[in-house]
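Please read the structure below before turning to the comments.
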Amino acid sequence: MSYGTVAPLVELQGVEKRYDGVHALRGIDLRVEPGEILGLLGHNGAGKTTTMKLIMGVLQATAGTVRLFGHSPIGGDADQLRRHLGYLPENVSFYQHLSGREVLDYFARLKGCDLKENSRLLERVGLGDASHRRVGTYSKGMRQRLGLAQAVLGAPRLLVLDEPTAGLDPEATGDFYTMIDEVREQGCAVLLSSHVLPGIERHVDRVAILGSGRLLGCGSLARLSADAALPSTIRISGDWAGVDWQQRLAGHPVEFRHINGHRMELTIGGERKLELMRLLLSESGISDIEVSQPTLNDLYAYYNRSGVQEVAS
Amino acid sequence: MRAIWIVAAKEFRDGLRSRWVAAIALVFAVLAIGLAYFGASASGMVGFTSLATTIVSLSSLAIFLIPLIALLLAYDSIIGEDEQGTLLLLLTHPLRRSQLLLGKFVGHASIMAVATVLGFGGAALLIATISGGADGELWRAFGLFIISATLLGWVFIAMAYVVSVVVNEKSRAAGVSLLLWFWFVLIFDLLLLGAMVLNKNSAGGEWLSYLLLLNPTDMFRLANLSGFEAARNYTGLTYVAGGPLFDPMMLTVFLSLWVVVLLSLAGWLFNRRRV
């Protein structure tokens, strides 16, 4: 992707946000390019929702500039800009007493969309049969799907999703990301936040890591992980009576500890992982090998320590 | 403008579906017919009393009921949307806060107006038919009653919005609304009466009667009772208030002013609310 040739959909420069004595955001620089999926990662309270609210013009920055589609999201043009914006808040329960169809119609009217599209939209998110049921009877997964249908009303240029898969089971999460991928194929950029890494890696083009109101790192996940050179954890199990691991692993930069007589955990830097794997595979006593990649927690821990800004952008 | 109508239409439809409109209209109608029927038994007669007597006793009851209904109808307008997550969502639509609030008001105000007209209006037709007709002046009085009752409801709807945009919990909005109801319906008049009693012997205590304008329920009472000679004698507070300022038409204007001021206050506070 060549940055700079196309105007970014969202641009934040030196953005600060303070309220009630809380310094919620400090010097945030961030861009969302057309057609990309940017993951906004961070623990609860890191500033993800605040960042989204600033982008959508619900909050005003204390300092710095916020641009949505090249304009200020606050003030005169804002109404016009919002027609091209789709948003799914965290924890939205909608109107319990209305049916899914009625909820969608209400938001479509506010956005000035054609209501005839709504049946098709509900079919697309798999709520065709439930569209006349009261939203109060929906499961969390169904509510999120209704939320997504609501967010993509009027073919927005930017979709902002706040913790869209929190509380969804793995299957519903998978479904949800499949639908987001479909939306992206139609040229819509997506900004989505999450406090967990598993599940979103395959769907995001870039991630921005927020911690205590600072942008700790920004770039592709692979790049961030590589730069952080985080160790992988390998767990092996099997029957290896009599093997002297101290001697076997000599020369490898690896830490290991025995969990019990049949299980062991080894930690090794990413670049030396394959060497170790080969060694382990040649060991006949090992019956199973399980590799865990660094988690978001490890990434946070690393970037929190190093305070690295803008690793790769 | 379009946005206001969309919000208003939703609120009104919600009001129809949740049977708010039907419930309020029914309560008003039952109240009016009941008072008309039992009002006569107090004076030793059987059957329906006249519309004039009914208006007088109805006003006293409506003062308690209408503010309560209006506050109940609207206390969770903003905080309720906030708690279910839809407020933030609405504000990311092409919709300003002032438009959202005005839309809600148009919707709730219509619910109140429709219910009042249906409930009290229907009852009046029934009573007039049974008790043998009513003259033009009486219909005017009843028209004023319906209009001022609606306005009183609007005042308290707007007041509920002020509460709803300030608090950060729905239960607190309910509590504050009840306190406001208590203050305007009971405490205020008690304090005012107390002040009048204390002021009895000193000259120049007349300014106290202007304090009535600080309470919309008193304005409603004055607007509806001052028209009836008989009522003046037995309603304590209305007795003290005379003069052009307390003309029913002026009082209606003052009630409308209350609506405008409270709505503006709610709008101003809403804009300052952090969502």
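The values are calculated or read from the model by the stated rules, or taken from the named source; none is laboratory data. Treat the numbers as computed from the prediction; the structure is a model and nothing was measured. Heads up, the Cβs are rebuilt from the backbone with ideal geometry, glycines too, and the neighbour counts pull from every protein chain shown. Accessible surface areas use protein heavy atoms only, side chains included; no ligands, DNA or RNA. Shrake-Rupley method; radii C 1.70, N 1.55, O 1.52, S 1.80 Å.
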Please give the solvent-accessible surface of residue B:21 in Å², to the nearest 10, using a probe radius of 1.4 Å with every protein chain present. 10 Å²
Order A:69, B:12, B:182, most accessible first, counting only protein heavy atoms with a 1.4 angstrom probe. B:182, B:12, A:69
Where nothing but the Cβ of Lys and Arg (+1) and of Asp and Glu (-1) is charged, how large is the charge dipole of the protein assembly as shown around its Cα centre, in debye to the nearest 20? 780 debye
Per-residue mean of other chain beta-carbon atoms within 10 angstrom of the beta-carbon, peptide A:149-156? 1
With N residues in the range A:19-120, Rg(alpha-carbon) / (2.2 N^0.38 Å) equals 1.26
Ordering A:245, B:139, B:5, B:154 by how much accessible area each has at a 1.4 Å probe, largest first, what is the list? B:5, B:139, B:154, A:245
Approximate spin-label separation residue B:68-residue B:207, in nm, with each point projected 7 Å along Cα-to-Cβ: 3.6 nm
Test item: Cα-centred dipole of the range A:177-313, Lys/Arg +1 and Asp/Glu -1 on Cβ, debye: 300 debye
Quote the charge dipole size of the range A:1-134 about the Cα centre in Debye, to the nearest 20; the model charges only the Cβ of Lys and Arg (+1) and of Asp and Glu (-1). 220 debye
Computed [θ] at 222 nm, helices only, for the protein assembly as shown once each DSSP H run of length n ≥ 4 contributes -39500 (n - 2.57): -16000 deg cm²/dmol
Considering the dipole of chain A built from charges on the beta carbon (Lys and Arg +1, Asp and Glu -1) around the Cα centre, which of A:177, A:252, A:267 is farthest to its positive end? A:177
Past the 36 angstrom mark, what percentage of all C-alpha to C-alpha distances in the protein assembly as shown do you count? 53 percent
Could you tell me which of A:211, B:254, A:276 has its Cα farthest along the dipole of the protein assembly as shown towards the positive end, charges placed at Cβ (Lys, Arg +1; Asp, Glu -1), taken about the Cα centre? B:254
Over the alpha-carbon set of the range A:151-222, divide Rg by the Kirkwood Rh and report the Rg/Rh ratio to two decimals. 0.96
Highest-MSF residue in chain A out of A:255, A:123, A:182 [GNM, Cα springs under 10 Å]: A:255
Which log10 I(q)/I(0) values, to two decimals, does the range A:112-191 give at q = 0.11, 0.19, 0.20, 0.22 Å⁻¹ under the Debye formula with one point per Cα? -0.27, -0.84, -0.93, -1.12
Tell me the net charge near residue B:5. Cut-off is 15 Å between Cβ atoms, residue B:5 excluded, with +1 for each Lys or Arg and -1 for each Asp or Glu. +4
The relative contact order of chain A, taking Cα pairs under 8 Å that sit 6 or more residues apart, comes to a percentage of 20 percent
Points 7 angstrom from Cα along the Cβ direction at residue B:129 and residue B:96: gap in nanometres? 4.8 nm
Positive-end extreme of charge dipole, chain A - chosen from A:61, A:138, A:32 (charges on Cβ): A:61
Counting only residues 5 or more apart in sequence or on a different chain, those whose built amide H sits under 5 Å from that of residue A:87 are A:160
Nearest 5 percent is fine: what portion of the DSSP beta bridges confined to the protein assembly as shown is antiparallel? 70 percent
Taking the convex hull of the alpha carbon atoms in chain A, what volume per residue do you get, in Å³? 172 Å³
Let me check something: with ligands and nucleic acids excluded, how do A:173, A:51 order by accessible area (1.4 Å probe), largest to smallest? A:173, A:51
At a probe of 1.4 Å, how much accessible area disappears from chains B and A on forming the pair, both sides counted, to the nearest 100 Å²? 2500 Å²
Any residue on another chain or 5+ positions along whose placed amide H is under 5 Å from the amide H of residue A:10 is listed here as A:32, A:69
